[in-house]
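None of the figures in this text is laboratory data; all of them are computed from the coordinates on show. Note that this is a predicted model, so its numbers are computed, not measured. Every residue, glycine among them, receives a Cβ derived from its backbone with ideal geometry; neighbour counts consider all protein chains shown.
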């Protein structure tokens with residue numbers, strides 16, 4: 001599983017450990033492994049993660065806000081950023097899903 005974290009870090013150009021996988025307290029659940037395997041097969045088959053003509057579009061739309069924002073992680077470490085990317089909505093197979101979940105962090109001005 002640590003290979004997955006490393007691969008994600010490489011793809012997003014992360015410095016250090018931007019994505020860290022930790023052990024599941026309930027053990028390595030087989031459902032997690034099967035979900036990752038299914039995702040990999042769908043990507044390899046070109047069913048998702050492709051821009052090939054004729055495939056179903058999946059689009060994420062983000063706002064790119066400029067200013068000074070305080071960002072904080074789960075360990076309460078804070079940094080100030082001059083740009084803030086936030087999800088607005090996504091389109092999945094022609095259906096719109098608004099990014100209105102309560103768990104999304106709110107912007108905090110610096």
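Counted by neighbouring Cβ atoms within 10 Å, the residues 55, 77, 50 run from fewest to most as 77, 55, 50.
Put simply, segment 56-110 fits an ellipsoid with semi-axes of 26, 13, 9 Å; these come from the alpha carbon gyration tensor as the roots of five times its eigenvalues, largest first. Round to the nearest 0.05 the FRET efficiency obtained for residue 32 and residue 95 when R0 = 25 Å and r is the Cβ-Cβ distance. Efficiency for this residue pair is about 0.45.
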